[in-house]
Amino acid sequence: MTTAEPQASDSDRTTDGTALLPGSPGGAWRGSDYIASIKDEREVWCDGRRVDVTGDPKFRPMLTTLAGLYDAQHLPDRADEMLHRSDTSGNLVSLSYLAPADRDELSRKWANSHRWAEASYGQLSRVPDFMSNVVVGLYDFRHELAKVDPEFGRNAENYYHYCRENDLTLTHGLGDPQIDRSSTPAERPELGLRVVRRGADGIVVRGAKQIATLAPYAHEVLIYLSPANYLREDPSYVCWFAVPLATPGLRVLCRTSYTDPGVFGGLAAHYDEQDAMLVFDDVFIPMDRVFLLDDSATAVRGFGELNKWSLYTGQLRYYHRLRTMLGVASLLAQAIGVETFRQVGDLLGELTSYVEIVRLGLAAVDAECRPTTSGLLAPGSTAALDAVADGFSTRASAIIRQIGASGLIMQPSEADLRTPDLRTVLDTYMCGRELGVKDKSRLFRLAADLVVDRFGMRQELYETWNRGDPARVRSMLYARYPDLQRCETQARKLAEGRIDHT
Ligand SMILES: Cc1cc2nc3c(=O)[nH]c(=O)nc-3n(C[C@H](O)[C@H](O)[C@H](O)COP(=O)(O)OP(=O)(O)OC[C@H]3O[C@@H](n4cnc5c(N)ncnc54)[C@H](O)[C@@H]3O)c2cc1C
């Protein structure tokens, strides 16, 4: 098998010849190996400083979370559900990279995704399982890429094997920088990422991508553009490729960190996965990492195809986030003795309905799985679930704010709790119905993290925008609804008075 890493020596390869990352034992990561693997020359910037993500106190907590999740794959009680033997190298690899060929494999894949999402309480929007499934989509689409150029198809296939054997953590950046949405790249070339030079050995790209979540913690970025960006007259803006984060000319500009190393707990202390702009300053992409060039029509078709499995795992993750929100809302209500009030029960029931609708929707989408043209088994469409996700999420947050009310901000800090002079007052006035002040304040601060503070607001933004513009998602659902004609026929009959009772 040929590989995407031409420089690797024989000792850096698996038994099937796939190149390994330097120092990697191959197969599914253990936490410490993963951390060592991203200690490289990547250029990550945050708050005006260049940071070493493996050592920086604001970046280290999330790294520790990821390392813990990678270690968990090997736990005796779940290894069977998260790992399997590679059919090419014999190494234990992640089920996130399984390209499922039948019902049994698809079910195993989802069981693994549930593990990832549940272990991170649905808080990690780009838990590595997400992008692994995009690479499965790329692999599935390889025959279409090969029609454009046989080399593209081979590259996609080799890249899939490379990612699987190395358990690669990926980020992706689809959108363009938010400079001026009323202009076109013909007017302002910096609006889009483009190929500026081509050679037999590779291409050189220039431009930026916004946003790439998880970028500082990823091994590589996969670029495949978003549908809104394809239909451009200049084909040099159509380019699909993958490249290591530690590549000369590639800068990772992170938003300010939400982690406060001095403060106890909080979701950001574990789950600030970061969002970044990626700037490509004439970055060389070797030809074996290029998956598509120039062909807008294939890019448009491919966008939906690549995301078949990842959209499903994205919904699984979302389901676990809603469950976390329901759990928190319910505990809040009990903490202050309002859970039996009818209005509160109504709100909790509404939130429960979102959890159940997503669970049932996932079951239905799974039941509608169908073979792909390349012979894999893919879930049905998540389009309807995607179309309501932002609305459910916004309501779930509002419900927690409604139930928690002033308690979401009026809580003692850990420093208050440690102050003996305050303790009697806190124990008297800031406890809950049957909950001591310490447990109550931690619960309410968690709720504030979820739906009030900047971490929660970022999650809210994510749920609104990560599937693309929700207005586009909904109008596409309508435009492609396969049963629309029948609905219209029935309506027409009624309107025309042609009512039959059969
Ligand atoms: C927290 C977070 C994490 C994300 N992570 C990732 C990631 O990991 N990878 C990734 O690829 N993307 C990611 N995204 C980006 C996401 O895909 C985009 O936010 C989304 O596609 C919307 O694009 P935009 O933010 O540039 O908004 P814009 O396109 O700039 O839109 C701004 C406003 O203008 C409106 N608008 C813009 N263009 C039009 C138009 N042509 N017609 C009508 N209205 C229009 C929009 O509806 C919106 O109201 C992330 C986003 C967020 C918020």
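The values are calculated or read from the model by the stated rules, or taken from the named source; none is laboratory data. Note that the coordinates shown come from a computational prediction; the quantities given were computed from them, not determined experimentally. Note: ideal-geometry Cβ built from the backbone for every residue, glycine included; neighbour counts use all protein chains shown.
Numerical summary
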quantity	calculated
Selected residue (criterion: nearest to the chain's Cα centre (by Cα)) from residues of region 447-461 that are buried (at least 17 other Cβ atoms within 10 Å of the Cβ) and farther than 15 Å from T213 by Cα	G456
Residue ranges of helices (runs of 4 or more DSSP H) in region 193-309 with at least 2 members modelled with pLDDT of 90 or more	268-271, 296-306
Selection count where residues are β-branched (V, I, T) and surrounded by fewer than 17 Cβ atoms within 10 Å (Cβ to Cβ), scope region 263-299	1
Candidate set from region 172-225 (those that are of a type in the set (S, T, N, Q) and within 15 Å of the chain's Cα centre (by Cα)); member that is farthest from the ligand (Cβ to nearest atom)	Q210
Hits in region 270-307 (condition: more than 16 Å from V195 (Cβ to Cβ), more than 16 Å from the ligand (Cβ to nearest atom) and among the aliphatic types (A, V, I, L, M))	A297
Residues located in region 133-150, provided they are in contact with a strand residue (DSSP E or B) (Cβ under 8 Å, 6 or more places away or on another chain) and part of a helix (DSSP H, G or I)	V134, V135, L138, D140, L145, V148
Any chance L408 is more than 16 Å from the ligand (Cβ to nearest atom), in contact with a Lys or Arg (Cβ under 6 Å, 6 or more places away or on another chain), within 30 Å of R321 (Cβ to Cβ) and of a type in the set (A, V, I, L, M, F, W, C)	no
Restricting region 462-480 to residues that are exposed (fewer than 13 other Cβ atoms within 10 Å of the Cβ) and of a type in the set (S, T, Y), the residue that is nearest to the ligand (Cβ to nearest atom)	S475
One residue from V425, V388, V451 being of a type outside the set (S, T, N, Q) and more than 27 Å from S353 (Cα to Cα)	V425
First in region 378-397 and over 21 Å from S330 (Cα atoms) and in the same structural domain as V358 (by TED's automatic domain parsing), second anywhere and surrounded by 20 or more Cβ atoms within 10 Å (Cβ to Cβ) and of a type in the set (S, T, N, Q), Cβ under 6 Å, 6 or more apart	T382/Q315; L385/Q315
